Amino acid sequence: MQLEPANPHRFCVAPMLDWTTPECRALHRLFSRHAFLYSEMVTSGALIFGDVPRHLHHAADAPCALQLGGGEPEALARACEIALPYGYQEINLNVGCPSDRVQHNRIGACLMDDAPLVAECLAAMQAAAGAVPVTVKHRLAIDEQDERSVFAFVETLAARSPCRVFIIHARKAWLQGLSPKDNRDVPPLNYPLVYEVKRRFPELTIIINGGITTLAECRAHLQAVDGVMLGRAAYQNPELLLAVDELYGAPARTLAEVLPAIRSLLVEALGRGEMLAHYTRHLLGLFPGVRGAKQYRRILSEEARAAEAGIAVFDRALAAVGMAG
């Protein structure tokens, strides 16, 4: 029997709206046995008043965390209760999203100006989640706050809640004047400050996020913090995930062994009446620089969208890059 890694958060795939769907996560799990996966953010209101199965469905993606958005302790606790039967390995609170819509609802990064409230939210969530750990993802600071205020923020959360896993996006968020897209690139990264958080709070699990693009960079960061989280780099080049298991002391996977598993997954999904494009849109980043990759992407982008598209479409796409279907 394979033992669970001592630190499951050594490599995480970030929660990304419209990208880290259940279909995406099922595919990513084939590339890596150990990477910790995160759902798209789901608001507490969407669970309390919306279509719960649609928001919480997931399969074959463990270990996987559900990310919640909210700013009311009672509502977040209720959302955790609703989520428990769905078997996520972790529930994460989003305190980093800078979008206008999120700010309007008083959730996301704007909560960084109220650490006691965030701590209250985390405590209420953990009380409702029982044995499932509750974690937090946040920025260094917002707007005119000094980035070094992150120390007081973390200290407050650690002192007033059971939360012990902190995912820190290593840049501040500008809630006024920058779009969510610009907030991913424009504010400068400050990795040393995240390292300092780990030095000041060695008992906490500190995961660094922001601007990391290679496994070599991951290994360098892991000399100073407990884990790394990648977003766009992992999504846009899923082959990067093939080597992630090496960070856990396990052998890397190969594309040759993963492609048949992907094909089997697609066949099973089609057999359940699911659309091919719901899966293949997450595979467009395969084969970077390979002859025929443009044709591969064209076939999946255009032909997989048809309601009647079957596994033959995927096979034709693979044939374009010289891979057997």
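The values are calculated or read from the model by the stated rules, or taken from the named source; none is laboratory data. Keep in mind that what you see is a predicted model, and the values were worked out from it rather than measured. Here Cβ is always computed from backbone atoms with ideal geometry, including for glycine, and neighbour counts include all displayed protein chains. Accessible surface areas use protein heavy atoms only, side chains included; no ligands, DNA or RNA. Shrake-Rupley method; radii C 1.70, N 1.55, O 1.52, S 1.80 Å.
Please provide three numbers in whole Å: the alpha-carbon extents of segment 35-83 along the principal axes, with the largest listed first.
30, 19, 16
How much area per residue is accessible in segment 1-58 when the probe is 1.4 Å and only protein heavy atoms are counted (Å²)?
45 Å²
Provide the gained length on full extension for the span R54 to V321, in nm with one decimal, where the gain is 0.36 nm per separating residue minus the Cα-Cα distance.
My answer for the length gained is 92.6 nm.
What nm distance separates the two modelled labels at A216 and R199, each placed 7 Å from Cα along Cα→Cβ?
Simple spin-label model gives 2.6 nm for this pair.
Could you derive backbone 3J(HN,Hα) for segment 107-123 from the dihedral phi with the Karplus parameters 6.51, -1.76 and 1.60 (θ = phi - 60°), listing whole Hz in sequence and x where the residue is Gly or Pro?
Here the 3J(HN,Hα) series is 9, x, 4, 4, 5, 5, 8, 9, 4, x, 5, 4, 4, 5, 4, 5, 5 Hz.
Dividing the Cα radius of gyration by the Kirkwood radius, what Rg/Rh value follows for segment 1-85?
Using Cα coordinates only, the ratio equals 1.00.
How big is the Cα convex hull of segment 253-299 in projection, averaged over all directions, in nm²?
For segment 253-299, averaging the hull's shadow over all directions gives 3.6 nm².
Starting at 0 and stepping by 5 Å, how many percent of the alpha carbon pairs of segment 207-319 end up in each bin?
Computed distribution, short to long bins: 2, 11, 19, 20, 16, 13, 10, 7, 2, 0, 0.
When the convex hull of the C-alpha atoms of segment 116-162 is computed, what volume per residue in Å³ does it have?
Value for segment 116-162: 66 Å³ per residue.
In Å, what Kirkwood hydrodynamic radius results for the chain from the alpha-carbon pair distances?
20.4 Å
Give the angle, between 0 and 90 degrees and rounded to the nearest 10, that separates the Cα long axis of helix 293-303 from the longest principal axis of the Cα atoms of the chain.
For helix 293-303, the angle is close to 90 degrees.
Binning every alpha carbon pair distance of segment 1-159 at 10 Å from zero, what are the percents per bin?
P(r) over segment 1-159, rounded to whole percents: 11, 40, 36, 13, 1, 0.
Between 0 and 90 degrees, rounded to the nearest ten: what's the tilt of helix 311-320 against the longest Cα principal axis of the chain?
In the chain, helix 311-320 runs at an angle near 80 degrees to the longest axis.
Evaluate 2.2 N^0.38 Å with N set to the residue count of segment 225-286, then give the Cα radius of gyration divided by it.
In units of the globular-protein estimate, segment 225-286 measures up at 1.31.
How far, in nm, would the chain grow between A252 and Q145 when pulled straight, counting 0.36 nm per residue and subtracting the alpha carbon separation?
The A252-Q145 span can extend by a further 34.3 nm.
Tally up the carbon and sulfur contribution to the accessible surface of segment 1-92 as a whole percent, 1.4 Å probe, everything protein left in place.
Exposed carbon and sulfur together represent 57 percent of the surface.
Could you tell me the calculated FRET efficiency between R160 and A224, based on Cβ-Cβ distance and R0 = 22 angstrom, to the nearest 0.05?
0.25
Over segment 223-292, what percent of the accessible surface lies on carbon and sulfur atoms, probe 1.4 Å?
52 percent
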